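> Please read through the structure below; I'll follow up with questions.
The values are calculated or read from the model by the stated rules, or taken from the named source; none is laboratory data. Predicted model only: the values in this text are computed from it and were never measured. Counting neighbours? That spans all protein chains shown, and the Cβs are built from the backbone with ideal geometry, glycine included. Note: accessible area is taken over every heavy atom of the protein model, side chains too, but ligands, DNA and RNA are not part of it. Shrake-Rupley method; radii C 1.70, N 1.55, O 1.52, S 1.80 Å.
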Amino acid sequence: MTKKHDKLVDLVTPSRPTGPIAHRVKGMKDIQPGAYPAWEFLLQSAGRLARLRGFERIDTPVLESYSLYERSSGRTSDIVTKEMYSFLDKSGERLALRPEATPGIVRAYIEHGWFNLPQPVKTLWYGPLFRRDKPQLGRYRQHYQLNFDIFGEPGPLAEVELIFLIHELLNDWGIEAQIDINSLGCVDCRPNYINELVKYYKEKKHREQLCPDCRKRLIKNPLRLLDCKEPACEALAQGAPQLIDFLCEPCKQHLVKVLEFLDNLGIQYNLNSQLVRGLDYYNRTVFEVVMPSESAQRPLALGGGGRYDQLIESLGGRPTPACGFALGMERLLLYLDPHKVEVSQTRPDVFLAQLGDGPRLKSLQLFEELRQAGLTVHQAFTKNSLKSQLALANQLKVKYALIIGQKELLDGTILLRDMESGSQEVLDLKRVKSIMLKRLAKTK
Ligand code: AMP
């Protein structure tokens, strides 16, 4: 009998797992209270400046087919070979959590026929990406990017427009970063360069110094040798032939035009012959925003992008030139000027404080009345002590607090406190809305 009863209890009481507390998955990050204003500041500023330049917000799904990335990012890229989270869904289809945004955006461009829209099509995209990377400061397994892409513009103005936008955004955020530029040439000129590069690395004295990964890269993807972070490989890359010396005439002209425009706009850049980016689809101009590091470590990249004129065709669309750029949110947040976020915060107009149940009810009604009149009202209805309510009002840097207690409720009045001077006056509760609207129009 007792046993039966115990079983019954077991069925109705959910079993609680014992052991250590639940923890987040390695490489993942929580956004905690207080952190959002900075994210919102970045997003709003990016949205505003991009919209002014004709970029339209779009979105794509987190899940895409695995083959999309194999066909675009490249079979031998680190993203596909090492970092992608992929799985077979119940129907047997291989899916991937998107590790980068461009392939999904390009798929959407083709699938929805955006080539029928007036070109160039300019898009702004924001969302999380997943890479099983080695976690460290500024590197997570889920991170967020802002992507800007321009479709249908073959000329150098597309890159210039993107770089100009990045320059404006960095200014708006108070981030002093460096813009690195290189050209990866095209299908006509790059093979000659790669031959020379392979020759250089195959020399015995060079080959012996390569890390095991770079020995594989020498066969599969020699350009990536320039990008290796191992100190010995980095040193070797310094002496390697430079792609810029092998560009064909049209690629050379394209790069010269980009640089001329940037010079005319007064945008500083750094020509970096080792900048190759880790993906297969780039051609011609590639660029990166880096934060020069004070220590001997590699500069941290805040963003990167480039031209990808063949990608749309290679995924089954009409040949369409395109280029894009991605900024990493978590990295921007490391360098964002906190003062810029602070001044962007709207200071509430009024703080409503109350003492007791009756006054609380009244201030709830007043809250709605003032809010509907267009005022930004803050309150702490769950706090009882006046001291702690006024402390919060101070923290929020509110100009006025309205205080209602039992006495005021009975008299049909309310106390208006100037939070800067500390002076107080009694107002008629019925006239409080019109008085506050007048006062705030004066002080704003
Ligand atoms: P990529 O798509 O690799 O060119 O990355 C564009 C930008 O996203 C980088 O410059 C970084 O700012 C950011 N980023 C890339 N990978 C990560 C990561 N694992 N964690 C945080 N930010 C990242």
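> Taking residue 95 and the conditions (1) within 16 Å of the ligand (Cβ to nearest atom); (2) closer than 30 Å to residue 216 by Cα; (3) of a type in the set (A, V, I, L, M), which numbered condition does it fall short on, given that it satisfies the others?
The number of the failed condition is (1).
> Out of 266, 278, report the one residue that is at pLDDT below 95, open to solvent by 10 Å² or more (accessible area, probe 1.4 Å) and under 21 Å from residue 176 (Cα atoms).
So the residue among 266, 278 that is at pLDDT below 95, open to solvent by 10 Å² or more (accessible area, probe 1.4 Å) and under 21 Å from residue 176 (Cα atoms) is 266.
> From the set of residues in the range 61-92 that are among the polar types (S, T, N, Q) and open to solvent by 20 Å² or more (accessible area, probe 1.4 Å), which is farthest from residue 219 (Cα to Cα)?
91
Residue by residue, here is whether (1) in the same structural domain as residue 429 (by TED's automatic domain parsing); (2) within 24 Å of the chain's Cα centre (by Cα); (3) part of a loop (DSSP other than H, G, I, E, B); (4) under 29 Å from residue 227 (Cβ atoms) holds:
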| site | (1), (2), (3), (4) |
| --- | --- |
| 276 | no, yes, yes, yes |
| 287 | no, yes, no, yes |
| 293 | no, yes, yes, yes |
| 303 | no, yes, no, yes |
| 325 | no, yes, no, yes |
| 333 | no, yes, no, yes |
| 361 | yes, no, no, no |
| 364 | yes, no, no, no |
| 375 | yes, no, yes, no |
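> Same structure, new question: Given the structure, is residue 387 in contact (Cβ under 8 Å) with a residue 12 or more places away in the chain and open to solvent by 40 Å² or more (accessible area, probe 1.4 Å)?
So residue 387 fails the test.
> With 322, 326 as the choices, which residue is within 10 Å of the ligand (Cβ to nearest atom) and crowded, with 18+ Cβ neighbours inside 10 Å?
326
> Another question, then. For the range 429-444, state whether one or more residues are open to solvent by less than 60 Å² (accessible area, probe 1.4 Å) and not in a helix (DSSP H, G or I).
Checked the range 429-444: no residue is open to solvent by less than 60 Å² (accessible area, probe 1.4 Å) and not in a helix (DSSP H, G or I).
> Continuing with the same structure: Identify, from the list 131, 107, the residue that is basic (Lys, Arg) and touching a residue at least 60 places away in the same chain (Cβ under 8 Å).
107
> Counting only residues that are aromatic (Phe, Trp, Tyr) and touching a Leu at 6+ places or on another chain (Cβ under 7 Å), which one in the range 269-308 is farthest from the ligand (Cβ to nearest atom)?
269
> If you don't mind, there's one more thing I want to ask. For residue 381, work out the one condition from (1) part of a loop (DSSP other than H, G, I, E, B); (2) open to solvent by 60 Å² or more (accessible area, probe 1.4 Å); (3) within 18 Å of residue 356 (Cα to Cα) it doesn't fulfil.
(2)
> Let me ask another. Go over the candidates 53, 57 one by one and state the one that is in contact with a Phe, Trp or Tyr (Cβ under 9 Å, 6 or more places away or on another chain), closer than 19 Å to residue 324 by Cβ and open to solvent by less than 100 Å² (accessible area, probe 1.4 Å).
After applying the criteria, what remains is 53.
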